[in-house]
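Input: a single structure, listed below in structure tokens.
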Amino acid sequence: MHRVNNKRVLNRIADRTRKAGKARNLIASAAIMLTTVLFTSVFTVGGSLVQKQQEATMRQVGGSSHASYKFLTQEEYDIVKKDEMLKEISYRILVGNVVNKELLKLHTEVSYYEDLDARFCFCYPDEGSMPQRADEVVTSDLVLKALGVPCKIGEKVPLTIDTGKENVEKTFTLCGYFKGDRIAQAQVVLVSRKCASEIAPTPSDSAMGKSIDGTEYAGRITADFNFFSSFRLGSQVEKLTKRCGFPDTAYVGINWAYMGSMDMEAVLLAIGLLTVILVSGYLIIYNIFYINVYRDIRYYGLLKTVGTTGRQLRRIVRRQAYILSLYGIPAGLLTGAAVGKLLLPVVMKELVFSDSANTEVALNPGIFAGAAVFSFLTVMLGSIRPCRMASKVSAIEAVRFTEGQNTTAGKRKTKKTRRVRPKEMAFQNIKRNRKKMVLVVLSLSLALVLLNSIYSLVQGFDIDRFVSGRIVSDFSVSDATLDNVSVNFESIVRDGVTDEFMEELKSRDGIRKTGNIYMKEIDPKFTDEAYALIEERIFDNQHAQNTLEYLAGSEGMAFIDDFRESRFLDGKVYGIGRFVMEKLENTDGDLDWEKFSDGKYVIATRFRTVEEKGIDYFRPGEKVTVANENGESREYEVLAVADMPYSCGFQHFGMFDCNYILPEGEYLDLMGEQNPMRTIFDVEPEAEKKTDVWLSDYCENVNPDLTYQSKASMVAEFEQHIKMYAMVGGLLVFILALIGILNFINTMVTSVLSRRQEFAMMEAVGMTGRQLREMLFFEGECYAVLASVTGALVGAVLNVTLVRMAGEGFFFFKWHFTILPVFLCAFPLFVVAAAVPAVCSRMIGRVSVVERLRRAEV
């Protein structure tokens, strides 16, 4: 026997073998394409979200450079500039802060920028040019709008600049402007180098190794630079600092847009999603190639008889997988990119940075390369065992091979002849190859399990909990910076509801109840008796210690020691009206407005723990001291203990928040006159739409600094939330279901075609066509029953474990058990399981029994 070692011949055999089964090729290519669609859409959405978040973070930070040195002298900057390990470097010089009253709510800095650094910091002019003369400036349209200056080159821009040592008033000429970014920590005004030197000359004394304050910032250089790679920026900056000879205490900042903090839940979700796709793709691709090899086992046996080695047979099967991948993967990449483009806007609406980022898909070669690699890996994994099966086949056994021939070997028993029904024959046929049965059932049930899990999660989202957790009234109005997580903390306006708005609100028809919420961040003062209660109830409390360890890790106990030593707790003082008092949560005590409003009482809040209920700082009847910003303090009796609703309070929290709530009148008397932080109100049902239209126009055109929320907008947001999960999950389920159905179709068609001679012999000895159809029908239904039962059992287990655990991460989730989707999908599954065998039996019925028997000898 001669061994054939001709690659061209082997390739020709592989190609002709592949072309001989066009229907199988179509199913295999479709399966590979669908698997690639899943990988590509996941990579497209995931990659785009990472890039969008990075871009939003850069805009919030105010720059795209990898890192920067701050407060440098010219000599120190020259040292950094000469470093050969830097890809590019540029600088800016801080001149001061703009203190015009029109910009009190819009933190604005004045600096000189080199052209490159202006591009780094997103402030290079869109219109006009960089400032050259001492009286020229460039700034954003937001600053110009706040100053009341038109966006027109040549306009005069009056500025008052605080350098830390003095205020400089000067009128500049606008030589350029750019589109401002509301999420940036600060707006900027660009001046020329000549102007910067006049107002804030660069000091010659180094700031390295010493502490400097705001009076010494002006004139110092900030060097922004990029390395050749953003990998391990912290280590690269440390090495740069040593090369420059700077001390470890040098003022250095690393752009946290590149730091990529890992959210473990997101990582686990991504791994789980990729695993599901990989498993589903593996199941069908493995089953397709397994069945193809199984069907052609005699053919491979004949190849062995003419000298083909096992290694060459593996190559023949593997080449078929390669060629089918060339068809399926490119089509899947294009389709997946389109699906990702469709899903990205839906997903981004649920993210905190969605308002500050566009929804254009960020396509790059890495996304396609990653999806293609994963898809090809799935194909390779799925073809390993079929290749091994083909290579190990014995030439003689393969020629004599029939499906399931070994299933009863050694187990034959003589039984009395009895009548065999089509249903029993169908069950025995499925048992012939248990591995094939398991693969088909797993492939079909995977979609059912995923559908049941997504349905259970979505059905657990409670709209009442969602709305009540986000808003406690029909409408809520506040400054636009108050709840915006992208705004720098120091720039948040705590008293933004203006008198003009309040007057306008009072004149509106249909307003039922109105309540104002005032707030100042004032650390509480404790008498010795009060502090002893804090020691007992908080510092010595195991639940509080557990919370601190959860928030601060191993440093939790150190926090307790620091607080004990300083007797310092952070806190806030709120002022509320009757309408807001009625909204307080988890109340303990007598909330009598008449008693509360006489100015002798205060409502205390709780220490927030990881458990649902917090720990009381103080209890009803105990005395506490509340101070104002000037140090004046008053003693009050605790009327009740309650929690301020999240949607009503200041949504920034410290390690300890010992907050007090005073009645509106007493608060303003102690703290002084101020505007409300929030105003909430209810309206008559018939006035709801008109009020919404009025608020929209007011906050957009009359006072853009204000924003509002409504119950209707919360309902719409909830529906969008549901839509995202339903759309993304539904698409994943649809593709997995399609993969499972293709797998089932391929299994049934291949099984029927490979048993044509067997069926012909059965018909020759008296089996009717009707009985044959019944047998095939019951085979299909057996698969449907097994898939439904498996889906129900696994779905039930996941419902009470993973789904329940995942849902607890949402404050508006209410778990309940269900496997309803499995039962609802059972009917269409049974229809498909009945239709496929019916079509197959009709196909083989077109050829006579005699002709099929003759083919058995060929």
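Read-outs: derived from the displayed coordinates by stated rules, not from any lab. For clarity, every value in this text was computed on a predicted model and none was experimentally measured. For neighbour counting, all protein chains shown are included, and Cβ atoms are generated from backbone atoms with ideal geometry for every residue, glycine included.
Calculated [222 nm] ellipticity per residue, helices only, for the chain: -16500 deg cm²/dmol; basis is -39500 (n - 2.57) per DSSP H run with n ≥ 4, divided by all residues, nearest 500.
Hey, with R₀ at 30 Å, roughly what FRET efficiency would residue 22 and residue 364 work out to, going by the Cβ-Cβ distance, to 0.05? FRET efficiency, residue 22 to residue 364: 0.25.
Here the spin labels are modelled as points 7 Å beyond Cα on the Cα-Cβ line, and at residue 590 and residue 82 they lie 8.0 nm apart. Between the helical axis of 365-391 and the longest alpha-carbon principal axis of the chain there is an angle of about 30 degrees. Using only the C-alpha atoms, the convex hull of the range 607-653 corresponds to 108 Å³ per residue.
Taking every alpha-carbon pair in the range 686-742 and binning the separations at 5 Å intervals from zero gives 4, 16, 14, 13, 11, 9, 8, 7, 6, 5, 4, 1 percent. Compared with the dominant principal axis of the Cα atoms in the chain, helix 688-697 is inclined by about 70°.
Multiplying the residue separation of residue 700 and residue 635 by 0.36 nm and removing their Cα-Cα distance gives an extension gain of 19.1 nm. Remark: for residue pairs 583/690; 304/436; 101/145; 70/239, the C-alpha separation exceeds 20 Å in 583/690; 304/436. If you sort the three axes of the alpha carbon gyration tensor as a ≥ b ≥ c, you get a/c of 1.5 or more for the range 37-178 and a/b no higher than b/c, which makes it oblate. Distance between the pseudo-spin-label points of residue 817 and residue 126 (7 Å out from Cα toward the beta carbon): 5.8 nm. The range 634-697 and the range 769-787 have Cα centres lying 67 Å from one another.
When every Cα-Cα distance of the chain is counted in 10 angstrom steps from zero, the calculated P(r) takes the values 2, 10, 14, 17, 17, 14, 10, 8, 6, 3, 0, 0 percent. Other residues with beta-carbon under 12 Å from the beta-carbon of residue 29 carry, at +1 per Lys or Arg and -1 per Asp or Glu, a net charge of +3. Relative to its residue count, the range 535-694 spans a Cα convex hull of 144 Å³ per residue. Volume per residue of the convex hull around the Cα atoms, evaluated for the range 698-841, comes out as 153 Å³.
Assign one of three labels to the range 30-104, namely rounded, prolate or oblate, based on the Cα gyration tensor with a ≥ b ≥ c the square roots of its eigenvalues; rounded applies when a/c is under 1.5, prolate when it is not and a/b is larger than b/c, and oblate otherwise. Oblate is the answer for the range 30-104, as a/c is 1.5 or above yet b/c matches or exceeds a/b.
If you look at the Cα atoms of the range 421-471, you get an Rg and a Dmax of 20.8, 66 Å.
Subtracting the Cα-Cα distance of residue 570 and residue 646 from 0.36 nm times their residue separation leaves 25.6 nm of extension gain.
The angle between the Cα long axis of helix 556-566 and the main principal axis of the chain comes to about 10°, on a 0 to 90 degree scale. Net charge of the neighbourhood of residue 153, taken over other residues with C-beta under 12 Å away and scored Lys/Arg +1, Asp/Glu -1, is -2.
Summary of the geometry: the range 465-483 and the range 428-446, compared by the centres of their Cα atoms, lie 53 Å apart. Stretched out straight at 0.36 nm per residue, the stretch from residue 508 to residue 182 would grow longer than its current Cα-Cα span by 114.3 nm. Here the Karplus curve 6.51 cos²θ - 1.76 cosθ + 1.60, taken at θ = phi - 60°, turns the phi angles of the range 111-120 into couplings of 8, 8, 10, 5, 4, 5, 5, 4, 6, 3 Hz, with x standing for Gly and Pro. Taking 7 Å steps out from each Cα toward its Cβ at residue 674 and residue 463 produces label points 3.8 nm apart.
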